[in-house]
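Trainee: This is the structure I want to talk about, given as structure tokens.
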Amino acid sequence: MLKSTIISFVVSIALVGGTFYLISDRSAFSNSEMVPSQNIEIKDGVQYVTIIAKGGYSPRVTSIKEGLPTKLVVKTAGTYDCSASLIVRSVGFQKILPPTGEEVIDLGILKSGEKVLGVCGMGMYSFQIKVN
Ligand SMILES: [Cu+2]
């Protein structure tokens, strides 16, 4: 009786310790650039990358998967600064976005190692999409 109590006590300590280890390990991991970006969604085989344009671009760096049809979604929300004037040279995109809205830009199918760079009209703000 006492033995099984001790065993279950040891097991629960190990479980709690293991859980804490996993949690702390994950939070440490989220600070590195290895963690998958949170602004990516894969829907019906299409990879969507969402970038917020307002006083610059957010997130500044996004890592995406290769080999999937990819669309860039640039969202503006009361954006009256020059981040609304967007240039994505690799796909020949150049446009002044409406202050509030959503612009979908087709990036095609990208290969590992490729990079897509978005810049504002004046070149002061930028964002980068890296293909893994
Ligand atoms: Cu600018």
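Trainee: Just in the range 84-132: which GluC sites (Glu not before Pro) are loop by DSSP and have at most 16 other Cβ atoms within 10 Å? Numbers along the way, then the final one.
Mentor: On the way: sites: GLU102, GLU103, GLU114; in loops: GLU114.
The qualifying sites are GLU114.
Trainee: Under a straight-distance cross-link criterion of Cα-Cα below 29 Å, which lysines are reachable from LYS43, leaving out those fewer than 8 residues away in the same chain?
Mentor: LYS54, LYS65, LYS71, LYS75, LYS95, LYS111, LYS115, LYS130
Trainee: Residues with beta-carbon under 14 Å from that of GLN47, excluding GLN47: net charge, scoring Lys, Arg +1 and Asp, Glu -1?
Mentor: Value of the local net charge: 0.
Trainee: For the range 77-129, which trypsin sites (Lys or Arg not before Pro) are both in a DSSP coil and crowded by at most 14 other Cβ atoms within 10 Å?
Mentor: Sites meeting the loop and neighbour criteria: LYS111.
Trainee: Ok, one more. Which of ASP106, ASP81 comes first, and how do the rest follow, when ranked by fewest Cβ neighbours within 10 Å?
Mentor: If I rank by nearby Cβ atoms, fewest first, I get ASP106, ASP81.
Trainee: Would you mind checking which residues have amide H under 5 Å from VAL61's amide H? H placed 1.01 Å from N; only 5 or more apart, or other chain.
Mentor: Correct list: GLN128.
Trainee: Still on this structure, I have one more. For GLY56, list long-range residues whose amide hydrogen, built 1.01 Å from N in the peptide plane, is under 5 Å from its own amide hydrogen.
Mentor: SER83
Trainee: Could you go through the range 91-102 in sequence order and give the Karplus-derived ³J(HN,Hα) for each residue, using 6.51 cos²θ - 1.76 cosθ + 1.60 with θ = phi - 60°, rounded to whole Hz, and x for Gly and Pro?
Mentor: Computed from phi, the couplings for the range 91-102 are 10, x, 9, 8, 7, 8, 7, x, x, 9, x, 9 Hz.
Trainee: From the backbone phi of the range 53-60, what are the Karplus-calculated ³J(HN,Hα) couplings (6.51 cos²θ - 1.76 cosθ + 1.60, θ = phi - 60°) in whole Hz, Gly and Pro given as x?
Mentor: 10, 5, x, x, 10, 9, x, 6
No lab work stands behind these numbers, since they all come straight from the coordinates. Treat the numbers as computed from the prediction; the structure is a model and nothing was measured. Cβ atoms come from the backbone with ideal geometry, glycine included; neighbour counts cover every protein chain shown.
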